[in-house]
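I'd like to ask you about the structure that follows.
Just so it is clear, none of the values below were taken in a lab; they were calculated from the coordinates. Because the structure is predicted, anything quoted here is derived from the model rather than measured. Methodologically, a virtual Cβ is constructed for each residue, glycine included, from the backbone with ideal geometry; neighbour enumeration extends over all protein chains shown.
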Amino acid sequence: MKGKVNKTTRGSFATTFGIIAAAAGSAIGLGNIWKFPYEAGQNGGGAFLLIYLVILIAIGIPIMMAEFIVGRSSHKNPVGALKEASRSATGGIVGIMGVIAAFLILAFYSTVAGWTMHYVYLSVKNVFAGLSPEEINLVFKQFIAGGYAPLFWQAVFMIITVGIVLLGVEKGIERYTKFLMPLLFLFLLILCVRSVTLPNSIQGLKFLFVPNFTAINTQVILNALGQVFFSLSLGMGTMITYSSYFSDKENLTKTAIQVSVLDTIVALLAGIAIFPAVFAMGLNPAEGTGLVFGVLPQVFNALPGGQIFAVLFFFLLVIAALTSSISLLEVITAYSCEELNITRKASTLWGGLLSLAVGVFVTLSFVPIEGLSSGNAIFFDFLDNLTSNIMLPLGGLLIVIIVGWIMDPKIIENQLRVENPETNIFYKTYRLIIRYLAPIAIFMIFLSSIGFFK
Ligand code: PHE
């Protein structure tokens with residue numbers, strides 16, 4: 001290993017809670033509260049949720065375990081770890097693809113996180129009070145089309161992300177997230193209660209929980225697959241990076257299940273907070289990327305003390321976004337510093353800068369600029385699609401192939417603490433999933449989405 005950091009100096013998480021907090025911190029973010037509702041809204045609601053859950057259990061959790069196995073057995077960054085797991089330098093290519101995915105995701109993640117910061121500011125100014133649903137929607141549309149303010153907030157968000165990774169204070173952040181995240185959870189619960197007690201809310205609950213099977217098509221399945229990967233931070237090395245710091249005492253299966261369950265509960269709560277309100281206010285569930293920003297201020301308006309509530313909620317959402325963006329930047333930093341021999345500081349700086357440089361164009365894709373951009377977010381959609389629906393599932397596919405077919409099974413047995421691999425049903429099922437079920441399922445979803453089975 002070329003890097004400046006070795007196994008003994010790398011450090012590890014001291015407590016189980018620290019581990020779950022960090023991995024869950026990466027998983028829980030805008031993906032749950034912003035992306036899940038808008039994807040569910042555009043892909044048929046209940047049908048999307050059903051497929052999401054099936055993919056989560058059959059593919060998502062097993063792949064998270066596979067990433068944990070790769071990370072903890074090597075104690076390296078994703079590129080080094082995958083080279084080791086695949087016993088060849090080519091395995092590193094999967095890791096490099098993950099680093100590129102991290103760049104691209106951070107580019108548009110910072111756009112949306114910037115919107116969230118702006119919403120803290122708007123809530124402090126009490127801009128939404130007394131506005132009609134149409135007017136609240138208009139506030140969002142005008143804001144993203146304006147250009148300067150979204151760029152400003154995006155840069156602020158990126159500077160904070162870089163600052164945290166640069167100062168190496170992720171652990172310090174963890175101290176705060178320990179009570180801030182449960183608070184976000186509590187707020188979501190209150191929002192849910194308010195939302196389901198609005199008139200007509202039952203329609204929204206039906207939309208989210210009763211699957212309409214005719215809504216299922218290949219695109220819906222691909223979007224659900226992409227959402228599982230995005231929401232669980234899979235397929236690009238985040239979970240490999242984090243698990244490289246896990247201690248040997250940790251039960252990987254248990255951790256993967258705990259993180260996935262927490263992540264799913266938050267997404268479901270976001271759905272329950274959003275859709276009843278959407279229907280109560282006569283809005284369109286398929287509104288798209290702006291859904292949450294158009295709907296939530298209306299739910300806050302319907303709450304006593306709504307303004308304070310809104311300020312705190314959007315603030316907590318920014319924190320949730322930060323614990324995810326840190327994990328994205330950490331992948332770039334760990335790679336560049338351990339594999340390219342660039343100092344940690346320089347790695348973090350250029351990682352953040354380069355991502356911001358791409359991110360500027362993402363933010364500008366919402367701005368109509370004559371001769372340059374239609375303002376229809378084409379670049380945003382392109383990156384969102386490319387990363388969630390192609391790069392992450394492809395990365396996951398290659399990771400399970402490496403773990404299922406190439407990695408020494410002894411290491412896997414050791415990592416999962418399996419004593420009798422011949423007779424252990426859990427382990428045999430797991431092997432079956434990572435060798436056959438998960439790779440074949442992902443491959444079929446890819447094929448069907450490009451019209452192969454038509
Ligand atoms: N899972 C994060 C979220 O839901 C986003 C993310 C994706 C973070 C991939 C790291 C890697 O917000």
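Order of 341-352, 203-214, 41-52 by packing, highest average Cβ count within 10 Å first?
Details: 341-352: 18.2, 203-214: 16.0, 41-52: 22.8.
Put in order of decreasing packing, that is 41-52, 341-352, 203-214.
While we're looking at this one, here's another question. In 10 Å bins starting at 0, how do the alpha-carbon pair distances of the chain split up by percent?
Calculated over all Cα pairs of the chain, the distribution is 4, 22, 32, 26, 12, 3, 0 percent.
By counting other Cβ atoms within 10 Å of each Cβ, how are ASP381, ASP263, ASP408 ranked from fewest to most? Working shown, then result.
Numbers: ASP381 15, ASP263 26, ASP408 11.
Lowest to highest Cβ neighbour count: ASP408, ASP381, ASP263.
Could you work out how far the C-alpha centroid of segment 311-347 sits from that of segment 103-151, in angstrom?
Each part reduced to its Cα centre gives a spacing of 22 Å.
If I model a spin label at ARG87 and ILE450 as a point 7 Å from the Cα along the Cα→Cβ vector, what separation in nanometres do I get?
The two pseudo-label positions are separated by 3.0 nm.
Based on the mean of other beta carbon atoms within 10 Å per residue, what is the order of 391-403, 230-242, most packed first? It would help to have the intermediate numbers written out before the result.
Details: 391-403: 24.9, 230-242: 29.5.
Peptide ranking by packing, descending: 230-242, 391-403.
Any chance you could run the full-extension gain for ILE308 through GLU419? It's 0.36 nm times the residue separation minus the Cα-Cα distance, nm to one decimal. Before the final figure, lay out the partial values.
Numbers: separation 111, 0.36 × 111 = 39.96 nm, distance 5.40 nm.
Stretched fully, the ILE308-GLU419 segment lengthens by 34.6 nm.
Going by the alpha-carbon gyration tensor, a ≥ b ≥ c the square roots of its eigenvalues, is segment 178-284 rounded (a/c under 1.5) or, if a/c is not under 1.5, prolate (a/b greater than b/c) versus oblate? Mind dumping the intermediate values first?
Numbers: a/c = 3.10, a/b = 1.56, b/c = 1.99.
Taking the square roots of the gyration eigenvalues as a ≥ b ≥ c, segment 178-284 is oblate.
Could I have the simple spin-label model distance between VAL261 and LYS141, label points 7 Å from Cα toward Cβ, reported in nm to one decimal?
4.4
Do you know the relative contact order of the chain, to the nearest whole percent, from alpha carbon pairs under 8 angstrom that are 6+ apart? Intermediate values should be presented prior to the final figure.
Values: 730 pairs, mean separation 157.1, N = 454.
RCO, the chain: 35 percent.
Here's a follow-up. Work out how much length ALA286 to ALA58 would gain on full extension: take 0.36 nm times their residue separation and subtract the Cα-Cα distance, in nm to one decimal.
Numbers: separation 228, 0.36 × 228 = 82.08 nm, distance 2.71 nm.
Net length gain for the segment: 79.4 nm.
Would you mind computing, in nm to one decimal, how far apart the modelled labels at GLN219 and LEU432 are, each placed 7 Å from Cα along Cα→Cβ?
Each label point lies 7 Å from its Cα, and together they span 3.6 nm.
For a quick check: sort SER132, SER243, SER86 by the number of other beta carbons within 10 angstrom, fewest at the front.
Working: SER132 11, SER243 29, SER86 23.
Going from least to most buried by this count: SER132, SER86, SER243.
Which pairs break 24 Å Cα to Cα here: LYS206/LYS254; LYS249/LYS428; LYS141/LYS178; LYS83/LYS178? Spell out each step's value before the answer.
Details: LYS206/LYS254 32 Å; LYS249/LYS428 22 Å; LYS141/LYS178 34 Å; LYS83/LYS178 34 Å.
Going by Cα-Cα distance, LYS206/LYS254; LYS141/LYS178; LYS83/LYS178 fall outside the 24 Å limit.
Could you tell me the calculated FRET efficiency between VAL156 and TYR176, based on Cβ-Cβ distance and R0 = 25 angstrom, to the nearest 0.05? Could the numbers behind the result be given before it?
Values: r = 18 Å, r/R0 = 0.74.
Approximately 0.85, to the nearest 0.05.
So what is the 222 nm mean residue ellipticity for the chain from helices alone, if each DSSP H run of at least 4 adds -39500 (n - 2.57) and you divide by all residues, rounding to the nearest 500 deg cm²/dmol?
Details: 21 runs with 316 residues, N = 454.
Value at 222 nm, helices only: -23000 deg cm²/dmol.
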